[in-house]
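For reference, the structure discussed in these notes is given below.
The values are calculated or read from the model by the stated rules, or taken from the named source; none is laboratory data. Just so it is clear, the model here is predicted, and its values are computed rather than measured. Reconstructed Cβ throughout: ideal geometry from the backbone, glycine too, with neighbour counts over all protein chains shown.
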Amino acid sequence: MENKNNISIKGIEEGLLFIFDTNNSTFNELCNELESKLQSSGDFFFNADYLIDDPSLFNDNELSNIEQILEMHSLHKGQLINRKTETEESSEAVYHPNGGDSVLITQSIRSGQKIHIYGNAIVMGDINAGGEIIATGNIVVMGSCRGLLHAGAEGNKNCFIIVYHMALQQLRIADSVATIPSGMDSEPLKLACIRDNEIIITDYSPNQFKTLHLDN
């Protein structure tokens, strides 16, 4: 069966943005592809807010069918909010969790930005080439990553990295470094962790956490 890729999922401030290419697929094909993507993601998108990029591409019945599929997989319809345009951004920033042990970053990381996180980092956007996320805990990227990721930056080898589209060349966990093979971004959802003192990269599956014993 041909592996189509007519649906893109992008992390934005308001949640997950679903972008449908209606030029190259029938509506039924799009529904099947959406169902397949959501099933393969396990619980990665569980309880997230979603938006549809251009609802006018569909009639009311089609839109309702798409929303039913999304909500069957525990996604919730979100709302766009007005955002102020930032003219200047700090090239380097340090974040501490405000309660809990994770920091949520609801924007993409541009080239030249270096973000230090004391705890786990969850990035809802893309990380462009030249951008860096350095976290003492785990790192989860909901978009594409072409920059540098360093989890377990203070030496915790039990940390892991999950990336929706892994397009970077190198990543680090604790003091271990891995070079990413070309074509790794062709399939979504990759998990990187240390096993036998080496970084391994596999397809993400929720069941892996039961066998890898990733405890922080």
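Which residue is farthest from the chain's Cα centre (by Cα), if the candidates are limited to the range 52-71 and must be hydrophobic (A, V, I, L, M, F, W, C) and outside any helix (DSSP H, G or I)? Please lay out each step first, then the result.
The initial filter retains those residues of the range 52-71 that are hydrophobic (A, V, I, L, M, F, W, C), namely 52, 57-58, 63, 66, 69-70.
Those left that are additionally outside any helix (DSSP H, G or I): 52, 58.
Numbers: 52: 17, 58: 26 Å.
Going through the qualifying residues, I end up with 58.
I'd like to check something: does the range 53-61 contain any residue that is farther than 21 Å from residue 107 by Cα and either in contact (Cβ under 8 Å) with a residue 24 or more places away in the chain or touching a strand residue (DSSP E or B) at 6+ places or on another chain (Cβ under 6 Å) (or both)?
yes
If residue 116 meets every condition in (1) surrounded by fewer than 19 Cβ atoms within 10 Å (Cβ to Cβ); (2) modelled with pLDDT of 90 or more apart from one, which number is that one?
(2)
Could you check the range 155-186 and list, in sequence order, the residues that are closer than 19 Å to residue 119 by Cβ and either modelled with pLDDT under 90 or under 19 Å from the mean Cα position of the chain (by Cα) (or both)?
159, 160, 161, 162, 163, 171, 172, 173
Which one of these does residue 11 not meet: (1) surrounded by 14 or more Cβ atoms within 10 Å (Cβ to Cβ); (2) part of a loop (DSSP other than H, G, I, E, B); (3) modelled with pLDDT under 80?
Among (1) surrounded by 14 or more Cβ atoms within 10 Å (Cβ to Cβ); (2) part of a loop (DSSP other than H, G, I, E, B); (3) modelled with pLDDT under 80, residue 11 violates only (2).
Output the number of the condition that residue 131 fails; it satisfies all remaining conditions of (1) crowded, with 22+ Cβ neighbours inside 10 Å; (2) touching a Phe, Trp or Tyr at 6+ places or on another chain (Cβ under 9 Å).
Of (1) crowded, with 22+ Cβ neighbours inside 10 Å; (2) touching a Phe, Trp or Tyr at 6+ places or on another chain (Cβ under 9 Å), only one is false for residue 131: (2).
Considering only the range 41-51, I want to know if a residue exists there that is part of a helix (DSSP H, G or I) and either closer than 19 Å to residue 142 by Cα or touching a strand residue (DSSP E or B) at 6+ places or on another chain (Cβ under 6 Å) (or both).
Let us first name the residues in the range 41-51 that are part of a helix (DSSP H, G or I), namely none.
No, the range 41-51 contains no residue that is part of a helix (DSSP H, G or I) and either closer than 19 Å to residue 142 by Cα or touching a strand residue (DSSP E or B) at 6+ places or on another chain (Cβ under 6 Å) (or both).
Inspect the range 72-82 for any residue being exposed (fewer than 14 other Cβ atoms within 10 Å of the Cβ), of a type in the set (Val, Ile, Thr) and more than 17 Å from residue 124 (Cβ to Cβ) and give the result as yes or no.
no
Residues in the range 151-167 that are surrounded by 23 or more Cβ atoms within 10 Å (Cβ to Cβ), not small (Gly, Ala, Ser) and not in a strand (DSSP E or B): how many?
Count: 1.
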